[in-house]
Structures are given as C-alpha cells and as structure tokens.
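For reference, the structure is listed below as structure tokens.
The values are calculated or read from the model by the stated rules, or taken from the named source; none is laboratory data. Here the structure is a predicted model, which means the values were calculated and not measured. All Cβ positions, even for glycine, are placed from backbone atoms using ideal geometry, and neighbour counts span all protein chains on display.
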Amino acid sequence: MLFKYKNNRLETLPYYNCADFGKKEKDLENLLAEQLREIYIEDAQLMTIFQERQRQPEPDICALDKNGNLIIFELKRGNVNEDTTIQIMRYAQKYGRKSYWELNRIYKTYLSKQNEENMQCENGELKEAHAAAFDLEIPLNEEEFNRSQKLIIVGSAADASIVSAVDYWRSKNLDIDFLPYRFYEIAGETYFEFFAKPYDVHFNPKEKKGILFDTNRTYDENAIWDMFAQSKVSAYGNAARYADNFNKGDYVLYYHRWRGVVGAGIVEDIKTSDGDELKQERYRKVRLLTPMIESEDEIKSISASELKSLLNKNFYFASTIKTPYLSKDEAEMIIEELKKKYN
C-alpha cells in the first residue's frame, strides 16, 4: 500500500486495476512476461517459455525456474470470482503432465514469435537455452523438467475473494500463491506497484550500481568494438530501452557471450541518446576503466562461473541485462579482478 507522508501523518492513496484504465488482460500479460525476471524474485529468476494465444484455453504465462520446475501464471485485470483458482488448477493438470519434448515445442513457438517481434535470430533446444539462461555447467536431463509445478494468480490487490480462495487451497498443501498489483495516479503520472515475494527486495535506484550488460554478440559481432571505440554502452531494437536502466555514475560491465565480463566503464551522461537509426540504437556515454580492446585476441575475461564464485550469487543470463544488479562494492571488486587479468 502506498501512503502520502505529510506532517508526520499517513494519508491513504486511492489505487486502481487494469480495468479502471480500460486495459485488457493481454496488456497486463505482456507487461509481466517482459518484466518477469525483474519483478518476480521468490525463486531467483524465471525463464518465460510460453504466452497465451488468443481465444485458447491456456495459461497466460508459463515459465521455468533454475531447476526446470514449471511456474504457471494466471492474470486478472480486475476483480473476478473464486473460480479463477479452479481454472488455474485445470491448467496445472494439463501442463503439469507435459513431457520435456512438449515443453520444447511450445518454447520454440514462443521463441519464434519473440524473434519476429524483436528482430532476433535465437534458436535451439529448450534444455540448451535453459542451461545458458541459468549458466548450468551441464544441461538438465529431459526427465528433470516439469517435475513439480507452482501456480501463481496475479490480480487486483482489492480482490478479497481470490485471496480467500488461494488461502483455502494453500491450507490443503497446494503450491499456489496470489500476487497483487496496484496502479496509482500521482500528479498526472501512472505508477505500477507489484508485490514480489518473499521480501519484495529490489535494488534502490538512487544507489550506485553495476549492471552486467550484453554486447549484442549474437546479432552483431562488431557491436562490441563500436562500443569500446566510441566509449559507450549500447542496446538495439526492442532491447534499446535497457540503456535507460543506467544512472550517471553507475558501472557497466560489458558481458560478451561465451567469454564473460570483458570490459568495464562508468556512465558519464545523465540521459540516453539515439544512435544508429537502422539498428534502432540507444546508448550512454561511458569512461572506460579497462583497456580499449580492438579484437577478439586482446580479450581477457571473467567467466560466468568465476562471477558466481566471486560474488556468491546466481544470474539470469538470457537478457540484455543480466540480473540481479551488482552493488557498488561488488562492481568495483569485479573491475579490479578484470584489471589484474589485463595487466
């Protein structure tokens, strides 16, 4: 809940759901599918493998956790009846019995659509993509996928009937949960609030941070050399918006696929700029803190496994931004380790 704080008193602010803004459930679905790895943190990171097709009796979103377990999401834009819990259990019954090969098929369908929308060319098998996303040394075996399921209903924070129904099924040991959301209107701007369990811990954006940022190697082998030569960090196409995640003074850790962290810099400008129109580039100017390398032969790196060992944390690698963010101290430690390799 959001309160206005004034004269040492709290004033309750009115809140809204998607329906109040004339939005469809598909709008909420697309919003959460895109941001899932950043806002749902109970099981670390999740890999989206499926989104509902229109007019089909299907879950809104299906995702996998690091262990290959299936997470099924049902989203509701406004208040609904208690039958929503029965609906998501029907989906669990159907999708919980799917073999690895069936999950692989729906993942490829989802990936094909993502490639078309994002002008990408990713392909391959689900277990290889899953291993890459979570940096597993050995991909899971087919029989390790979908061993268990978790059901998540996302709905309006005001929907008491859903809360009651979920509490009932939880008391019967069903792995089901309710995640509420709220919209607020403040000074003409719209704000979205989402309750990530168990502790709703997110990095404070006013603090200096480090971001593992992809060099776009999969789509453009030369993007990294342009970034180093021009002292910038760039993102392209539908991923261009990720350049806005930096604040002045943040550290960028250039993550080069198949190598790891290969360079670092500190963001110098206040806002994002437009670059190459054909590539739909957005970039931030940086001051490089490691050597300006010009070829693959010059690269020194800190691998994904070294990162996990040094920081004692796991990352989700299948994104332009490799979440979670690093603290200032963590980023500086990685930069010092990388400098040692170049020296």
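Specify which of the listed residues (Glu306, Glu294) is surrounded by fewer than 17 Cβ atoms within 10 Å (Cβ to Cβ) and within 13 Å of Gly263 (Cβ to Cβ). Talk me through it step by step, then tell me what you get.
Values: Glu306 fails: within 13 Å of Gly263 (Cβ to Cβ).
Criteria check complete, one pass: Glu294.
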- Task: May I ask you to list pairs of residues, at least six apart or on different chains, whose Cβ atoms are under 6 Å apart, with the first in the stretch 215-242 being more than 12 Å from Met292 (Cβ to Cβ) and the second being part of a helix (DSSP H, G or I) and among the aromatic types (Phe, Trp, Tyr)?
- Result: Ala235/Tyr242
- Counting just the residues of the stretch 116-146 that are farther than 30 Å from Glu306 by Cβ and assigned to a loop (DSSP other than H, G, I, E, B), which one comes out modelled with the highest pLDDT? Asn146
- Query: Pairs, please: C-beta under 9 Å, at least 6 apart or cross-chain, first residue of a type in the set (D, E, K, R) and in the stretch 5-33, second loosely packed, with under 14 Cβ neighbours inside 10 Å and in a helix (DSSP H, G or I)?
  - Reply: Asp27/Phe21
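Can you name the residue in the stretch 235-262 that is among the aromatic types (Phe, Trp, Tyr) and outside any helix (DSSP H, G or I) and, of all such residues, is modelled with the lowest pLDDT?
The extreme case among them is Trp258.
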- Task: Can you give me the number of residues within the stretch 141-152 that are within 13 Å of Leu174 (Cα to Cα) and surrounded by 22 or more Cβ atoms within 10 Å (Cβ to Cβ)?
- Result: 2
- Check the stretch 217-229 and report whether any residue there is hydroxyl-bearing (Ser, Thr, Tyr) and not in a helix (DSSP H, G or I). yes
- Query: From the list Asp269, Asp250, Asp220, Asp276, which residue is in the same structural domain as Leu311 (by TED's automatic domain parsing), buried (at least 22 other Cβ atoms within 10 Å of the Cβ) and not hydroxyl-bearing (Ser, Thr, Tyr)?
  - Reply: Asp250
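Could you please find all residues in the stretch 271-300 being within 30 Å of Ile49 (Cα to Cα) and either assigned to a strand (DSSP E or B) or of a type in the set (Ser, Thr, Tyr) (or both)? Full working, then the answer.
Initial filter on the stretch 271-300 (within 30 Å of Ile49 (Cα to Cα)): 278-283.
Correct list: Arg282, Tyr283.
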